[in-house]
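Undergrad: Please find one structure pasted underneath; my questions will follow.
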Amino acid sequence: MWLLQVLVPLLRLYMCGIKVLVYQMFNKSFTLPAGNERDEGREAVGKIYEEGCKGKVEFVFVDLTSLQSVRQFVQAFKSRGLPLHVLVNNAGTMLVPETRTVDGFEFHFALNYLGHFLLTNLLLDVLKKSARPGCCSRIINMSSATHYAGVVDMEDLNRRVCYSSHGAYSQSKLALVLFTYYLQEQLTAGGFPVTVNAVDPGMVDTALYNNLWTLAQAMKKPVAKILFRTPAEGASTAIYVAAAAEMEGVGGCYVYNGQKTRSSDLSYDSQLQAELWKKSCELTGFREAWRASDGHR
(Lines give C-alpha, C1' and ligand atoms only; values in the text may rest on other atoms or scores of the structure.)
Protein backbone atom coordinates (compact mmCIF):
# COMPACT_ATOMS: atom_id res chain seq x y z
CA MET A 1 0.00 0.00 0.00
CA TRP A 2 2.77 2.40 0.93
CA LEU A 3 4.65 1.54 -2.25
CA LEU A 4 1.60 2.32 -4.38
CA GLN A 5 1.06 5.66 -2.65
CA VAL A 6 4.61 6.65 -3.56
CA LEU A 7 4.94 5.09 -7.02
CA VAL A 8 1.59 6.12 -8.50
CA PRO A 9 2.14 9.90 -8.04
CA LEU A 10 5.69 9.51 -9.34
CA LEU A 11 4.61 7.70 -12.50
CA ARG A 12 1.71 10.06 -13.14
CA LEU A 13 3.94 13.12 -12.77
CA TYR A 14 6.63 11.79 -15.12
CA MET A 15 3.98 10.81 -17.68
CA CYS A 16 2.78 14.43 -17.62
CA GLY A 17 6.35 15.54 -18.17
CA ILE A 18 6.77 13.23 -21.16
CA LYS A 19 3.54 14.52 -22.74
CA VAL A 20 4.73 18.13 -22.32
CA LEU A 21 8.11 17.31 -23.89
CA VAL A 22 6.43 15.64 -26.87
CA TYR A 23 4.26 18.73 -27.33
CA GLN A 24 7.24 21.08 -27.09
CA MET A 25 9.12 18.91 -29.59
CA PHE A 26 6.59 19.64 -32.32
CA ASN A 27 5.26 23.07 -31.29
CA LYS A 28 7.09 26.37 -31.15
CA SER A 29 7.16 28.24 -27.88
CA PHE A 30 4.61 31.02 -27.58
CA THR A 31 6.18 34.45 -28.05
CA LEU A 32 4.71 37.79 -27.13
CA PRO A 33 3.06 39.66 -30.02
CA ALA A 34 4.96 42.84 -29.74
CA GLY A 35 12.95 36.02 -7.60
CA ASN A 36 12.55 34.26 -5.08
CA GLU A 37 15.94 35.06 -3.45
CA ARG A 38 17.30 38.42 -2.31
CA ASP A 39 20.46 38.31 -4.46
CA GLU A 40 18.54 37.10 -7.53
CA GLY A 41 15.96 39.84 -7.03
CA ARG A 42 18.56 42.59 -6.86
CA GLU A 43 20.34 41.16 -9.89
CA ALA A 44 17.08 41.17 -11.85
CA VAL A 45 16.46 44.82 -10.98
CA GLY A 46 19.95 45.70 -12.20
CA LYS A 47 19.44 43.90 -15.50
CA ILE A 48 16.12 45.67 -16.09
CA TYR A 49 17.78 49.06 -15.64
CA GLU A 50 20.66 48.01 -17.90
CA GLU A 51 18.14 47.25 -20.65
CA GLY A 52 16.99 50.87 -20.57
CA CYS A 53 13.91 50.77 -18.37
CA LYS A 54 12.74 54.33 -17.74
CA GLY A 55 10.32 53.44 -14.95
CA LYS A 56 11.09 52.53 -11.35
CA VAL A 57 11.91 48.92 -10.51
CA GLU A 58 12.19 47.68 -6.95
CA PHE A 59 12.76 44.33 -5.27
CA VAL A 60 11.07 43.60 -1.96
CA PHE A 61 11.63 40.26 -0.25
CA VAL A 62 8.78 38.10 1.06
CA ASP A 63 9.02 34.54 2.36
CA LEU A 64 5.89 32.77 1.09
CA THR A 65 6.53 29.80 3.37
CA SER A 66 5.85 32.07 6.35
CA LEU A 67 2.35 33.44 6.90
CA GLN A 68 3.81 36.12 9.15
CA SER A 69 6.20 37.23 6.41
CA VAL A 70 3.30 37.45 3.94
CA ARG A 71 1.28 39.60 6.32
CA GLN A 72 4.26 41.86 7.02
CA PHE A 73 4.88 42.30 3.31
CA VAL A 74 1.25 43.21 2.65
CA GLN A 75 1.20 45.66 5.55
CA ALA A 76 4.38 47.34 4.28
CA PHE A 77 3.05 47.52 0.72
CA LYS A 78 -0.29 48.99 1.75
CA SER A 79 1.40 51.60 3.94
CA ARG A 80 2.93 53.13 0.81
CA GLY A 81 -0.46 53.80 -0.78
CA LEU A 82 0.59 52.38 -4.15
CA PRO A 83 -1.85 50.97 -6.73
CA LEU A 84 -1.64 47.33 -7.79
CA HIS A 85 -2.79 46.39 -11.26
CA VAL A 86 -1.15 43.00 -11.79
CA LEU A 87 -0.22 40.25 -9.32
CA VAL A 88 1.75 37.26 -10.66
CA ASN A 89 1.98 34.39 -8.17
CA ASN A 90 5.12 32.74 -9.50
CA ALA A 91 7.14 31.48 -6.51
CA GLY A 92 7.55 27.74 -6.34
CA THR A 93 9.60 24.67 -5.55
CA MET A 94 9.53 21.09 -6.82
CA LEU A 95 10.31 17.62 -5.50
CA VAL A 96 12.01 18.67 -2.27
CA PRO A 97 12.46 16.08 0.50
CA GLU A 98 9.79 16.08 3.19
CA THR A 99 10.08 19.43 4.96
CA ARG A 100 7.79 21.45 7.22
CA THR A 101 7.59 25.23 7.24
CA VAL A 102 7.80 27.41 10.32
CA ASP A 103 3.98 27.22 10.45
CA GLY A 104 4.04 23.42 10.26
CA PHE A 105 2.81 23.03 6.68
CA GLU A 106 4.20 20.69 4.04
CA PHE A 107 6.72 22.72 2.02
CA HIS A 108 5.22 22.36 -1.49
CA PHE A 109 1.71 23.09 -0.21
CA ALA A 110 2.88 26.18 1.68
CA LEU A 111 5.19 27.76 -0.89
CA ASN A 112 3.42 26.83 -4.12
CA TYR A 113 -0.14 27.41 -2.94
CA LEU A 114 -1.00 28.50 0.60
CA GLY A 115 1.33 31.52 0.70
CA HIS A 116 -0.10 32.72 -2.62
CA PHE A 117 -3.64 32.14 -1.36
CA LEU A 118 -3.07 34.43 1.62
CA LEU A 119 -1.06 37.03 -0.32
CA THR A 120 -3.75 37.31 -3.01
CA ASN A 121 -6.63 37.64 -0.58
CA LEU A 122 -4.86 40.25 1.54
CA LEU A 123 -4.15 42.32 -1.58
CA LEU A 124 -7.59 41.98 -3.17
CA ASP A 125 -8.87 45.28 -1.81
CA VAL A 126 -5.93 47.12 -3.41
CA LEU A 127 -6.39 45.26 -6.69
CA LYS A 128 -10.08 46.18 -6.81
CA LYS A 129 -9.46 49.84 -6.02
CA SER A 130 -6.68 50.04 -8.63
CA ALA A 131 -8.94 48.91 -11.48
CA ARG A 132 -10.44 51.43 -13.89
CA PRO A 133 -13.38 51.24 -16.31
CA GLY A 134 -12.35 48.94 -19.13
CA CYS A 135 -9.14 48.03 -17.33
CA CYS A 136 -9.49 45.22 -14.78
CA SER A 137 -6.74 44.34 -12.35
CA ARG A 138 -5.27 40.92 -13.12
CA ILE A 139 -4.10 37.97 -11.02
CA ILE A 140 -1.98 35.24 -12.65
CA ASN A 141 -1.35 31.95 -10.85
CA MET A 142 1.55 29.90 -12.22
CA SER A 143 0.44 26.29 -12.32
CA SER A 144 1.90 23.37 -14.26
CA ALA A 145 0.92 20.45 -16.47
CA THR A 146 1.66 18.28 -13.43
CA HIS A 147 -1.68 19.43 -12.00
CA TYR A 148 -3.25 16.86 -14.36
CA ALA A 149 -1.65 14.20 -12.17
CA GLY A 150 -2.68 15.94 -8.97
CA VAL A 151 -5.05 14.71 -6.30
CA VAL A 152 -6.12 16.93 -3.41
CA ASP A 153 -6.46 14.94 -0.19
CA MET A 154 -8.65 17.14 2.01
CA GLU A 155 -8.00 14.82 4.96
CA ASP A 156 -4.22 15.03 4.60
CA LEU A 157 -3.22 18.21 2.73
CA ASN A 158 0.15 18.18 4.50
CA ARG A 159 0.95 14.64 3.38
CA ARG A 160 1.63 13.33 6.87
CA VAL A 161 0.22 9.82 6.37
CA CYS A 162 2.47 8.88 3.45
CA TYR A 163 4.83 11.44 1.95
CA SER A 164 5.55 11.61 -1.75
CA SER A 165 7.34 14.67 -3.12
CA HIS A 166 5.79 13.98 -6.53
CA GLY A 167 2.31 13.77 -5.06
CA ALA A 168 2.87 16.87 -2.92
CA TYR A 169 4.07 18.92 -5.88
CA SER A 170 1.23 17.92 -8.22
CA GLN A 171 -1.30 18.52 -5.43
CA SER A 172 0.01 22.07 -4.90
CA LYS A 173 -0.30 22.86 -8.62
CA LEU A 174 -3.85 21.48 -8.77
CA ALA A 175 -4.71 23.54 -5.70
CA LEU A 176 -3.67 26.68 -7.59
CA VAL A 177 -6.06 25.89 -10.44
CA LEU A 178 -8.93 25.12 -8.05
CA PHE A 179 -8.20 28.41 -6.27
CA THR A 180 -8.15 30.29 -9.59
CA TYR A 181 -11.60 29.09 -10.64
CA TYR A 182 -13.24 29.57 -7.26
CA LEU A 183 -11.84 33.07 -6.74
CA GLN A 184 -12.92 34.15 -10.23
CA GLU A 185 -16.42 32.86 -9.56
CA GLN A 186 -16.64 34.91 -6.35
CA LEU A 187 -15.27 38.05 -8.00
CA THR A 188 -17.66 37.74 -10.93
CA ALA A 189 -20.63 37.20 -8.62
CA GLY A 190 -19.68 40.33 -6.68
CA GLY A 191 -19.14 42.41 -9.80
CA PHE A 192 -15.54 43.17 -8.88
CA PRO A 193 -13.21 44.41 -11.68
CA VAL A 194 -10.51 41.77 -11.13
CA THR A 195 -9.70 38.73 -13.29
CA VAL A 196 -7.88 35.57 -12.24
CA ASN A 197 -6.24 33.08 -14.60
CA ALA A 198 -3.93 30.08 -14.25
CA VAL A 199 -0.90 29.79 -16.53
CA ASP A 200 1.17 26.77 -17.51
CA PRO A 201 4.70 27.86 -18.57
CA GLY A 202 5.65 24.46 -19.99
CA MET A 203 8.91 22.74 -19.12
CA VAL A 204 11.46 25.49 -18.56
CA ASP A 205 15.19 25.07 -18.01
CA THR A 206 15.53 26.49 -14.49
CA ALA A 207 16.84 25.39 -11.10
CA LEU A 208 13.39 24.00 -10.34
CA TYR A 209 14.61 20.62 -11.61
CA ASN A 210 17.62 20.43 -9.28
CA ASN A 211 15.82 17.99 -6.99
CA LEU A 212 15.26 15.31 -9.62
CA TRP A 213 16.66 11.86 -8.91
CA THR A 214 20.27 11.36 -9.99
CA LEU A 215 19.30 9.30 -13.04
CA ALA A 216 16.59 11.76 -14.03
CA GLN A 217 19.09 14.62 -13.60
CA ALA A 218 21.55 12.92 -15.93
CA MET A 219 18.83 12.34 -18.55
CA LYS A 220 17.45 15.87 -18.16
CA LYS A 221 20.63 17.78 -19.04
CA PRO A 222 20.92 16.81 -22.73
CA VAL A 223 17.13 16.84 -23.19
CA ALA A 224 16.77 20.30 -21.64
CA LYS A 225 19.15 21.87 -24.16
CA ILE A 226 16.96 20.68 -27.01
CA LEU A 227 13.39 20.56 -25.74
CA PHE A 228 13.09 22.70 -22.61
CA ARG A 229 12.12 26.33 -22.92
CA THR A 230 14.29 29.21 -21.83
CA PRO A 231 13.16 31.25 -18.81
CA ALA A 232 12.18 34.08 -21.19
CA GLU A 233 10.04 31.70 -23.25
CA GLY A 234 8.51 30.24 -20.11
CA ALA A 235 7.53 33.72 -18.91
CA SER A 236 5.94 34.76 -22.20
CA THR A 237 2.48 33.29 -21.55
CA ALA A 238 2.28 34.83 -18.08
CA ILE A 239 3.24 38.23 -19.49
CA TYR A 240 0.68 37.80 -22.27
CA VAL A 241 -2.12 37.06 -19.78
CA ALA A 242 -0.99 39.96 -17.60
CA ALA A 243 -0.78 42.57 -20.36
CA ALA A 244 -2.54 41.58 -23.60
CA ALA A 245 -5.53 43.67 -24.65
CA GLU A 246 -7.42 40.55 -25.76
CA MET A 247 -7.25 39.23 -22.19
CA GLU A 248 -9.05 42.30 -20.81
CA GLY A 249 -11.99 41.15 -18.68
CA VAL A 250 -11.17 37.48 -19.33
CA GLY A 251 -10.88 35.32 -16.23
CA GLY A 252 -11.26 31.77 -14.99
CA CYS A 253 -9.04 30.32 -17.73
CA TYR A 254 -6.13 27.90 -17.88
CA VAL A 255 -3.64 29.21 -20.45
CA TYR A 256 -0.84 27.16 -22.02
CA ASN A 257 1.45 28.31 -24.82
CA GLY A 258 -0.71 31.39 -25.36
CA GLN A 259 -3.90 29.35 -25.77
CA LYS A 260 -6.86 28.80 -23.47
CA THR A 261 -6.73 25.11 -22.62
CA ARG A 262 -8.93 22.72 -20.68
CA SER A 263 -7.40 21.86 -17.32
CA SER A 264 -7.94 18.57 -15.51
CA ASP A 265 -11.49 17.34 -14.95
CA LEU A 266 -10.90 17.43 -11.21
CA SER A 267 -10.05 21.14 -11.32
CA TYR A 268 -13.66 21.92 -12.35
CA ASP A 269 -15.13 20.19 -9.29
CA SER A 270 -17.01 23.09 -7.67
CA GLN A 271 -17.47 21.23 -4.39
CA LEU A 272 -13.75 20.54 -4.12
CA GLN A 273 -13.01 24.17 -4.97
CA ALA A 274 -15.26 25.35 -2.14
CA GLU A 275 -13.86 22.81 0.34
CA LEU A 276 -10.27 23.79 -0.44
CA TRP A 277 -11.13 27.49 -0.14
CA LYS A 278 -12.77 26.99 3.26
CA LYS A 279 -9.89 24.88 4.54
CA SER A 280 -7.32 27.37 3.25
CA CYS A 281 -9.08 30.16 5.11
CA GLU A 282 -8.91 28.09 8.30
CA LEU A 283 -5.23 27.24 7.84
CA THR A 284 -4.17 30.83 7.15
CA GLY A 285 -6.55 32.51 9.57
CA PHE A 286 -7.96 34.58 6.72
CA ARG A 287 -11.45 36.01 7.19
CA GLU A 288 -13.49 36.72 4.08
CA ALA A 289 -14.41 40.24 5.15
CA TRP A 290 -13.68 41.64 1.67
CA ARG A 291 -16.89 40.17 0.27
CA ALA A 292 -19.14 41.84 2.81
CA SER A 293 -17.23 45.04 3.54
CA ASP A 294 -16.59 46.22 -0.01
CA GLY A 295 -19.40 48.38 -1.28
CA HIS A 296 -18.76 47.60 -4.97
CA ARG A 297 -21.51 45.51 -6.52
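Undergrad: Any idea how far apart ARG132 and THR99 come out in nm if each label point goes 7 Å out from Cα toward Cβ?
TA: Inter-label distance under the simple model: 4.2 nm.
Undergrad: Here is a follow-up. Which percent of the accessible area of the range 32-167 is formed by carbon and sulfur heavy atoms (probe 1.4 angstrom)?
TA: 52
Undergrad: Further question: If packing is taken as the mean number of other Cβ atoms within 10 Å per residue, what is the order of 114-123, 239-248, highest first?
TA: Per-residue Cβ counts within 10 Å, averaged per peptide and sorted highest first, yield 114-123, 239-248.
Undergrad: Search the structure for amide H atoms under 5 Å from the amide H of VAL255, placed 1.01 Å from N in the peptide plane, and list their residues when 5 or more places away or on another chain.
TA: ALA198, VAL199, ASP200, THR261
Undergrad: Now for a separate question. Determine ³J(HN,Hα), in whole Hz, for all residues of the range 186-196 in sequence, where each value follows from phi through the Karplus function 6.51 cos²θ - 1.76 cosθ + 1.60 and θ = phi - 60°; x replaces Gly and Pro.
TA: For the range 186-196, the Karplus curve yields 5, 5, 5, 4, x, x, 7, x, 9, 10, 10 Hz.
Undergrad: Next question. With respect to the cross-link table entries LYS129/LYS173; LYS173/LYS278; LYS47/LYS260; LYS56/LYS260, which display a Cα-Cα separation exceeding 25 Å?
TA: Over 25 Å Cα-Cα: LYS129/LYS173; LYS47/LYS260; LYS56/LYS260.
Undergrad: Which residues' amide hydrogens lie under 5 Å from the amide hydrogen of VAL86, considering only partners 5 or more residues apart or on another chain, with H built in the peptide plane?
TA: Placed amide hydrogens put ARG138 under 5 Å from VAL86.
Undergrad: Could you go through the range 265-270 in sequence order and give the Karplus-derived ³J(HN,Hα) for each residue, using 6.51 cos²θ - 1.76 cosθ + 1.60 with θ = phi - 60°, rounded to whole Hz, and x for Gly and Pro?
TA: Calculated HN-Hα couplings, in order: 4, 5, 5, 8, 6, 5 Hz.
Undergrad: Okay, next question. With N residues in the range 235-275, what two-decimal value do you get for its Cα radius of gyration over 2.2 N^0.38 Å?
TA: 1.35
Undergrad: On to the next question. Using a Förster distance of 35 angstrom, determine the FRET efficiency expected from the C-beta separation of GLU155 and LYS260, and round it to 0.05.
TA: Computed FRET efficiency for GLU155 and LYS260 comes out at 0.60.
Undergrad: How large, in Å, is the range 146-186 by the Kirkwood hydrodynamic radius built from its alpha-carbon pairs?
TA: 10.6
The values are calculated or read from the model by the stated rules, or taken from the named source; none is laboratory data. What you are looking at is a predicted structure, and each value in this text was computed from that prediction instead of being measured. Neighbour counts run over all protein chains shown; Cβ positions are idealised from the backbone, glycine included. Just the protein is used for accessible areas: all its heavy atoms, side chains included, with ligands, DNA and RNA removed. Shrake-Rupley method; radii C 1.70, N 1.55, O 1.52, S 1.80 Å.
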